[in-house]
Every structure is written in C-alpha cells, then in structure tokens.
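Scroll down for the structure; my scribbles are underneath it.
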Amino acid sequence: MDDATERPPFTLHDIEQAAERIAPFAVRTPLLDNPALNERVGRRVLIKPELFQRMGSFKFRGAYNALASLPQVVRWRGVVAFSSGNHAQGVAAAARLFGVPAVIVMPADAPAAKIEATRALGAEIRPYDRWSEDREAIGRALSEERGATLIPPFDDLAVMAGQGTVGLEMAADAAALGVPLGDVLVPCSGGGLAAGTATAIKAKSPNTRVHAVEPEGFDDTARSLEAGHLCSNDPSARSICDALMVAQPGALTFAVNRHVLSDGLVVSDVDVMDAIAFAARTLKLVVEPGGAVGLAALLSGRLPVGDGAVGLVLSGGNIDPQILQAAFAR
C-alpha cells in the first residue's frame with residue numbers, strides 16, 4: 001500500500017458505544033421486505049430505509065455521536081461542518097438538541113430543500129462555490145476564528161462509529177429474522193457509512209460481502225480498493241448524486257474500508273434515475289439520488305451473483321422535487 005497503510009483503532013465496541021449515545025434521539029429504522037423487489041432480482045432483499053431517519057438521512061447518527069463525544073466545555077463553543085446537505089442537516093439538528101451554535105459550509109448549488117432545512121434548524125449557512133473554493137479550508141478557518149469544533153462529514157472516528165449503527169441494526173434484525181446476509185450494498189462518498197456499516201456487519205457476520213456503491217465519475221473508493229492507494233476523481237466529473245461528490249476517499253475511512261469492503265460497484269446516473277422511479281412506484285419510498293445507488297446496482301445487475309439475502313441501505317430521502325419528477329417521466 002502506498003498510503004493509508006495503518007488501520008485506525010476502530011472496532012465494533014466504538015459502534016456499540018455510539019448506539020448507546022444516539023438511542024434516545026435517533027430512529028431505529030426497520031428492515032423492510034418487498035416481494036416485487038425480491039422477484040425482480042431473484043434474491044431476498046432486506047431494505048434499511050434511512051430516509052425514515054431524523055432529518056431524512058443516516059447522517060444524523062454520526063453527527064449526534066460526534067457532538068455527544070465532545071467534552072461539554074468544548075461543545076459549548078459551537079461546531080462547524082462542511083456538507084452538500086445531509087451532514088449539514090445532521091449536524092444542525094444535533095447542535096440544536098445540545099443548544100449550541102452551528103455554522104455549516106454548503107455549496108451554493110446544493111439542493112434548495114437541503115439548504116432551507118439546514119437554515120430552519122437554526123444553523124448559520126456559509127455558501128461556497130464547490131468548483132472553485134475549498135470547503136475544508138473554509139471550514140478550518142471558521143473553526144479557528146470562532147473557537148468551534150470542526151465536525152467532518154466522514155473522516156472522523158466518532159462520525160464513522162455513529163454511521164456504523166446502521167450496520168449494527170441491520171445485522172441484529174437480519175439475525176432475529178433468521179436470514180443470513182450474503183451481500184450488503186452501501187452508498188459511498190467519503191466512505192464513513194461504508195466503513196462503519198462494514199465494520200459492524202463483518203464483526204457480526206464475517207462471511208458477508210459488503211460492497212460500496214458509487215456513481216460514475218465519483219468511483220474513487222472502487223478505484224482506490226483496486227489500486228491499493230488513494231485515488232482522486234476528475235475535477236470535471238458531474239453526477240445527479242449530489243451527496244456522493246467528493247474528491248477522494250478519506251484517509252481514515254479508506255484505511256478501514258480496504259480491510260472490510262469486498263469491492264466497489266459503480267452505477268450510471270441513468271441507473272440511479274431508474275432506481276428512484278422504481279423505489280417510488282414499487283417500494284412506495286422516496287429516495288434521493290445518492291441514497292438510491294445501492295438499489296441502482298441491484299436493479300442493473302451490477303451485484304455479482306451470490307447466495308443469501310441482500311442487505312440494501314437506502315441512505316437518504318432528501319430529493320429535489322424536480323429530480324423526482326424527472327425520474328417519473330422516464
């Protein structure tokens with residue numbers, strides 16, 4: 001390995017502690033079973049709908065755990081985050097619960113619904129141009145200027161542990177049903193959800209294959225796993241999956257993911273639009289583009305043939321109405 005060679009101290013115990021911290025406030029989302037989907041793909045699929053989560057996304061889990069892990073004297077100074085929308089809402093919601101100020105660095109072209117939802121939670125919005133400005137640099141500067149704690153969207157052990165509760169719940173509920181998980185599909189951007197979920201799944205079900213799923217042009221985790229070192233995306237790449245558009249995997253997340261992920265799968269925007277329409281029409285679920293990539297991989301045949309049930313994480317439902325309408329019109 002050329003870089004990210006040292007695996008960080010991140011275990012199932014960290015995820016179990018996170019589960020205890022977030023339990024009073026986070027939704028324990030169910031596992032859903034849909035006969036039409038099972039018939040379509042020829043395997044039983046257990047759906048983890050994080051669109052039912054607080055703020056409509058899994059991101060609340062990691063955000064709340066990160067804030068809860070801070071000493072109170074530090075937390076009172078406030079927090080800063082950078083995000084295209086879901087982490088923004090998660091941090092804003094967690095900050096509101098703790099009664100502390102939050103400043104969120106958001107791209108000016110983020111979905112309007114996500115910007116307004118974040119502002120409605122009381123957070124201060126600092127807009128930036130995602131194509132010409134460095135959101136991390138802006139976030140660090142604001143953190144230093146205000147004495148606030150920076151809460152990264154993925155490359156943070158407390159955030160990763162909170163996201164890992166998705167996998168912890170999935171493993172427990174599948175076991176309670178007596179259903180062995182052969183494969184698990186997890187949407188992937190910086191890799192926090194994938195790292196946390198895969199760590200929990202592999203600890204509970206070592207033979208389960210966990211696959212990161214990314215949109216074309218932003219398949220940095222898939223390419224990094226193949227190459228054995230961090231790979232970046234082409235800055236000119238574009239996708240409808242606004243929640244999954246990062247430059248490269250996190251150093252911490254990749255150091256975990258290279259041990260726990262089986263591979264990375266890649267889907268097109270067309271696949272994603274078809275998945276959004278299928279979710280709405282057949283599953284009766286409204287899923288945002290980044291949250292639908294796992295379903296897109298399943299419906300388009302990207303998942304290798306295997307046995308056992310498929311665990312499917314639908315990571316969020318904060319979709320712009322125009323995109324949902326366009327998906328229906330296909």
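Dividing the summed -39500 (n - 2.57) terms of all DSSP H runs of n ≥ 4 by the residue count of the chain sets its mean residue ellipticity at 222 nm at -13000 deg cm²/dmol. When only alpha carbons are used to place a centre, the stretch 53-88 and the stretch 211-228 end up 26 Å from one another. Compared with the dominant principal axis of the Cα atoms in the chain, helix 192-204 is inclined by about 50°. Rounded to the nearest 10 degrees, the angle from helix 86-98 to the longest Cα principal axis of the chain is 60 degrees. Counting only alpha carbon atoms, the long axis of helix 157-177 and the longest principal axis of the chain meet at about 30°. For the stretch 195-288, applying the loop criterion from DSSP together with a ceiling of 10 other beta carbons within 10 Å to the trypsin sites (Lys or Arg not before Pro) yields 284. For the chain, which span is the longest to avoid every loop-located (per DSSP) member of chymotrypsin sites (Phe, Trp or Tyr not before Pro) having at most 16 other Cβ atoms inside 10 Å? Counting at most 16 other Cβ atoms within 10 Å as exposed, the longest clean stretch of the chain is 132-330. Dipole check for the stretch 197-330: with +1 at the C-beta of Lys and Arg, -1 at the C-beta of Asp and Glu, and the Cα centre as origin, the magnitude is about 460 Debye.
A short reminder: the numbers here are calculations on the coordinates, not readings from a lab. Worth saying up front: this structure is predicted, and the values here are computed from it rather than measured. Glycine also receives a Cβ, built like all others from the backbone with ideal geometry; neighbour counts cover every protein chain displayed.
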